[in-house]
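The values are calculated or read from the model by the stated rules, or taken from the named source; none is laboratory data. Bear in mind the structure is a predicted one, so any value in this text is a computation, not a measurement. Cβ: placed from backbone, ideal geometry, glycine included. Neighbour counts: every protein chain shown.
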Amino acid sequence: MQPKPTTSVIIPVFNGAAFVGEAIGSVIAQLDANDEVLVVDDGSTDATPQVLAGFTPRVTVLQGRGEGVSAARNLGIAAARGDFIAFLDHDDLWPAGRHRALLAALMADPDADAAVGRVRLRAEDGANLALYQKLEGSHEPGILMSCLYRRRLIETTGTFDTSMRFGEDTDYYWRQVEAGVILAHCDIDSLIYRRHTSNATNSAPERFSVLLQTLARKVARARARQRG
């Protein structure tokens, strides 16, 4: 019987053969042997399955049903066994030293539900960073991949909203806030956020429209709590 992992890392991927291997490598290099990496292949039609096969048995590959990133993350959450949970998109990276620093912060503060570090941007393929410059060097817990979570917060927050094509991560963060999340801010870089010409969010609706959608859900939840 395998020992219970301390940390579970959930990586959803769809047609990410160009990036997912580097993402996985940046994670494996920082985990203990008993920790688990759960990659959810959401119906890739490129060489992603072949790339993932090169990481077995260290990585557990779960098969999604092509239902989008929220459903893929939910599948990973259901399978995760660790007391701490992290999310990483297949085209982003963990900076060196990220995991031990965030884990140490949570170990030092039993009241903290999550630890967050700074976001660093990386532009590739001529990507335009104009809309993202404010993220550089900042603590942005709304970017879920920059955090490490205690399982109790994930269980309290619940699953991702599979009806949202965009903005599901912002919606999830606001639900964490509504659950009373206590954050530990760490003076380290915790995410390399890559922008490139094939980012899924390049085809997202206008950012204002996405914000309105998540705000509407936030207001609806508040009204439901008032009704009691």
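Check whether at least one residue in the range 11-23 is assigned to a helix (DSSP H, G or I), buried (at least 19 other Cβ atoms within 10 Å of the Cβ), under 17 Å from the mean Cα position of the chain (by Cα) and of a type outside the set (V, I, T), and report yes or no.
yes
A79: closer than 16 Å to F160 by Cα and within 13 Å of the chain's Cα centre (by Cα), yes or no?
no
If the Cβ limit is 9 Å and pairs must be 6+ apart or interchain, which residue in the range 165-192 that is within 19 Å of D91 (Cβ to Cβ) pairs with which residue that is among the basic types (K, R) and assigned to a strand (DSSP E or B)?
D189/R118; D189/R120; S190/R118; S190/R120; L191/R118; L191/R120; I192/R120; I192/R122
List, please: which pairs have Cβ atoms under 9 Å, are six or more places apart or on different chains, and start with a residue in the range 21-50 that is touching a residue at least 40 places away in the same chain (Cβ under 8 Å) and over 15 Å from G64 (Cβ atoms) and end with one that is among the small types (G, A, S) and crowded, with 16+ Cβ neighbours inside 10 Å?
Between residues of the range 21-50 that are touching a residue at least 40 places away in the same chain (Cβ under 8 Å) and over 15 Å from G64 (Cβ atoms) and residues that are among the small types (G, A, S) and crowded, with 16+ Cβ neighbours inside 10 Å, the close pairs are A23/G16; V27/A86; D35/S8; D35/G82; E36/S8; E36/A80; E36/G82.
Working only within the range 55-71, note down all residues that are touching a Leu at 6+ places or on another chain (Cβ under 7 Å) and polar (S, T, N, Q).
The one that is touching a Leu at 6+ places or on another chain (Cβ under 7 Å) and polar (S, T, N, Q): T60.
Filter the range 80-102 down to the residues that are touching a Gly at 6+ places or on another chain (Cβ under 9 Å) and either part of a strand (DSSP E or B) or closer than 29 Å to G68 by Cβ (or both) and list them by number.
I85, F87, D89, H90, D91, L93, P95, R98, L102
Go through (1) more than 27 Å from P141 (Cβ to Cβ); (2) of a type in the set (A, V, I, L, M); (3) at pLDDT 95 or above; (4) loosely packed, with under 15 Cβ neighbours inside 10 Å one by one and return the number of the condition M1 breaks.
Only one criterion is unmet by M1, namely (3).
Taking the options R73, R58, name whichever one is within 20 Å of M164 (Cα to Cα) and modelled with pLDDT of 95 or more.
Sole residue among the options that is within 20 Å of M164 (Cα to Cα) and modelled with pLDDT of 95 or more: R73.
List pairs: first residue in the range 87-113 and in contact (Cβ under 8 Å) with a residue 40 or more places away in the chain and at positive phi, second residue polar (S, T, N, Q) and assigned to a loop (DSSP other than H, G, I, E, B) anywhere in the structure, Cβ distance under 9 angstrom, at least six positions apart or on different chains.
As it stands, the answer is G97/Q30, since those pairs meet every condition given.
Give the residues of the range 103-125 that are assigned to a strand (DSSP E or B), more than 11 Å from P141 (Cβ to Cβ) and not charged (D, E, K, R), sorted by residue number.
If the condition is that a residue be assigned to a strand (DSSP E or B), more than 11 Å from P141 (Cβ to Cβ) and not charged (D, E, K, R), then L121, A123 are the ones that fit.
Please specify each residue of the range 180-207 satisfying the condition of being modelled with pLDDT of 95 or more, among the small types (G, A, S) and assigned to a loop (DSSP other than H, G, I, E, B).
Across the range 180-207, the qualifying residue is only G180.
Hey, among the residues in the range 107-128 that are over 23 Å from D171 (Cα atoms) and among the aliphatic types (A, V, I, L, M), which one's modelled with the lowest pLDDT?
Among those that are over 23 Å from D171 (Cα atoms) and among the aliphatic types (A, V, I, L, M), it is A127.
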